[in-house]
Structure formats: structure tokens, C-alpha cells
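Chemist: One structure, as C-alpha cells, below. Some questions next.
What follows is calculated from the coordinates using simple rules that are stated; it is not laboratory data. Just so you know, these numbers come straight off a predicted model, no measurement behind them. As a convention, Cβ positions derive from the backbone with ideal geometry for all residues, glycine included, and neighbour counts pool all protein chains shown.
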Amino acid sequence: MAQGRSSNNLVVPQATAALQQLKVEAAQELGVTLPQDGYMGNYTSRETGSLGGYITKRLVQLAEQQLSGRSNL
């Protein structure tokens, strides 16, 4: 795969900025420094896995709140 390219296609492309912000916040909370060029090939599986898992956890929480009728965080 080419450097800096993702094979993940967003279902809602307009959500790109919000997802990027979520990734930045998650990285800060976990103490992971995101590279400026977006290439994470030099990171360990533990770092990228913990970041992905944390993002997934937050997305599930947001979806549960929306489904239950509660306001966003």
C-alpha cells in the first residue's frame, strides 16, 4: 500500500474532519504522538491498536447516546 493512503472508505465522507479530530483527541489522551505526514508504519501494533480500540470505544459510546436520545458529549 502506498504511504499515507488508507484503504478505508468512509460511508459519510463529510465526517472526515470530525473523525480526524477524534483521532487527535484519542492520541493525546493515550500519549501517542501522531506523525505530521500521517504515516503510522513506524508505530508498534500496541500503539496503533490501542488508538484504534479507543476510537472504536468512543464511536460506540456516541452511537449509543444518539440511539438513546441523549445529547452528545
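Chemist: Before rounding to the nearest 500, sum -39500 (n - 2.57) across all DSSP H runs of length at least 4 in the chain and divide by the residue total; then give [θ] at 222 nm in deg cm²/dmol.
Modeler: Taken over the chain, the calculation gives -18500 deg cm²/dmol.
Chemist: Using the Cα centre as the reference, give the magnitude of the dipole from point charges on the C-beta atoms of the chain (Lys, Arg: +1; Asp, Glu: -1; all else neutral), rounded to the nearest 20 debye.
Modeler: Rounded to the nearest 20 debye, it is 120 debye.
Chemist: Among Asn42, Ala27, Ala15, flag the residue with its Cα farthest along the positive direction of the charge dipole of the chain, charges on Cβ as +1 for Lys/Arg and -1 for Asp/Glu.
Modeler: Farthest along the dipole direction, towards plus: Ala15.
Chemist: Count the net charge of all other residues whose Cβ sits under 15 Å from the Cβ of Val24, scoring Lys and Arg as +1 and Asp and Glu as -1.
Modeler: The answer is -2.
Chemist: If you don't mind, another one. For helix 16-30, what angle does its Cα long axis make with the longest principal axis of the chain, in degrees from 0 to 90 and rounded to 10?
Modeler: With both axes taken from Cα atoms, the answer is about 80 degrees.
Chemist: Counting alpha carbon pairs within less than 8 Å and at least 6 residues apart, what relative contact order, in whole percent, applies to the chain?
Modeler: Across the chain, relative contact order equals 26 percent.
Chemist: Can you sort Val60, Val11 from fewest to most other Cβ atoms within 10 Å of each residue's own Cβ?
Modeler: Fewest-to-most ranking of Val60, Val11: Val11, Val60.
Chemist: Given that just one value was derived from the coordinates, which of [x] -0.46, -0.69, -0.81; [y] -0.45, -0.83, -1.08; [z] -0.30, -0.61, -0.86 is log10 I(q)/I(0) by the Debye sum over Cα atoms at q = 0.13, 0.18, 0.21 Å⁻¹?
Modeler: [y]
Chemist: Based only on other Cβ atoms within 10 Å, what is the fewest-to-most ordering of Lys57, Lys23?
Modeler: Neighbour counts put them in this order, fewest first: Lys57, Lys23.
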